[in-house]
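Enquirer: Take a look at this one; I'll ask things after.
The values are calculated or read from the model by the stated rules, or taken from the named source; none is laboratory data. Everything numeric here is computed off the predicted structure, so don't read it as measured data. Backbone-built Cβ (ideal geometry, glycine too); neighbour counts: all protein chains shown.
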Amino acid sequence: MNEIFENNSVITRAYNFYNTYRALIIGITAVVVISISVFFALDQINKANNEKAAEIYNEWASQEIETDGGKKISIDLFNELIESYKNTGYTKLALLNQASSDARNGLNVESLNKFLMLIELTDGFGGNDLFNKIARVNAARLLYADKKYDEALNLLEKYSSSSSAMIHELLGDILSKQEKTDLAKNQYLLAKDKFTDETSTSIVSMKISNLSK
């Protein structure tokens, strides 16, 4: 009998609690349901976008750009990736490949613009650290070649304590051009300590020696 009274008491308390906070409970439930629905909807959209971007990327990568027709198709496909699927990994890969190709062909302005776009797309929370680092280093090299030393340093600032010998060497090169001899030397020394091959070590040693001339 006591169990029956206890069960009734629990049900009554639950009923009273629901009546008291009914609006809040319904609101929280609605938010949870909507959030779950939005999550699954966005997941499906992302999957569809990735599949479509993959098709466009594969078609773009297979174009023969030696012909005028192939070059036009390639440009159109690349622009479609940038305009409609810029947040997909395929677009970021296409940007990296095209920016590198532009740099090899001496199209430094075009290359820099693509690397800067890649930095923007891969920066911050949810970005891609590897692509971001590659884009920053290459953009900094292009800015260095164009004597825009402050802009180059700004791109590499987050890697001032990097474990990469290559980045320390590049920072040393930029600081050397700015005649910041002590700072340049420190970066070169860090690069020298991190390089493992004799050729690179010798090159950095020469750069350190040239600072005092």
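Enquirer: Kindly provide the set of residues from region 119-151 that are of a type in the set (Gly, Ala, Ser) and either under 20 Å from Leu77 (Cα atoms) or crowded, with 20+ Cβ neighbours inside 10 Å (or both), ordered by number.
Expert: Of everything in region 119-151, those that are of a type in the set (Gly, Ala, Ser) and either under 20 Å from Leu77 (Cα atoms) or crowded, with 20+ Cβ neighbours inside 10 Å (or both) turn out to be Ala135, Ala139, Ala140.
Enquirer: Sticking with this structure for a sec: If I ask for residues that are part of a loop (DSSP other than H, G, I, E, B) and modelled with pLDDT of 90 or more, which ones from region 136-178 would you list?
Expert: Listed by number, the residues that qualify are Asp146, Lys147, Lys148, Gln178.
Enquirer: Take region 158-205 and flag every residue that is among the aliphatic types (A, V, I, L, M), under 24 Å from Gly124 (Cβ atoms) and out of contact with any helix residue (DSSP H, G or I) (no Cβ under 7 Å at 6 or more places or on another chain).
Expert: Listed by number, the list holds a single entry, Met166.
Enquirer: Return the residues of region 157-213 that are closer than 20 Å to Ala140 by Cα, exposed (fewer than 12 other Cβ atoms within 10 Å of the Cβ) and either among the small types (Gly, Ala, Ser) or touching a residue at least 24 places away in the same chain (Cβ under 8 Å) (or both); say none if nothing qualifies.
Expert: Answer for region 157-213, where residues must be closer than 20 Å to Ala140 by Cα, exposed (fewer than 12 other Cβ atoms within 10 Å of the Cβ) and either among the small types (Gly, Ala, Ser) or touching a residue at least 24 places away in the same chain (Cβ under 8 Å) (or both): Ser161, Ser163.
Enquirer: Same structure, new question: Condition first: at pLDDT below 80, assigned to a helix (DSSP H, G or I) and out of contact with any Phe, Trp or Tyr (no Cβ under 7 Å at 6 or more places or on another chain). Can you find one or more residues in region 70-92 that meet it?
Expert: Within region 70-92, one or more residues are at pLDDT below 80, assigned to a helix (DSSP H, G or I) and out of contact with any Phe, Trp or Tyr (no Cβ under 7 Å at 6 or more places or on another chain).
Enquirer: Using the structure shown, decide if Leu116 is more than 20 Å from Ala53 (Cβ to Cβ), surrounded by 15 or more Cβ atoms within 10 Å (Cβ to Cβ) and at pLDDT 95 or above.
Expert: yes
Residue-wise test of (1) of a type in the set (A, V, I, L, M); (2) in contact with a Lys or Arg (Cβ under 8 Å, 6 or more places away or on another chain).
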| site | (1), (2) |
| --- | --- |
| Gly126 | no, no |
| Phe131 | no, yes |
| Ala135 | yes, no |
| Glu157 | no, no |
| Leu170 | yes, yes |
| Ile174 | yes, no |
| Gln178 | no, no |
| Thr196 | no, no |
| Thr201 | no, yes |
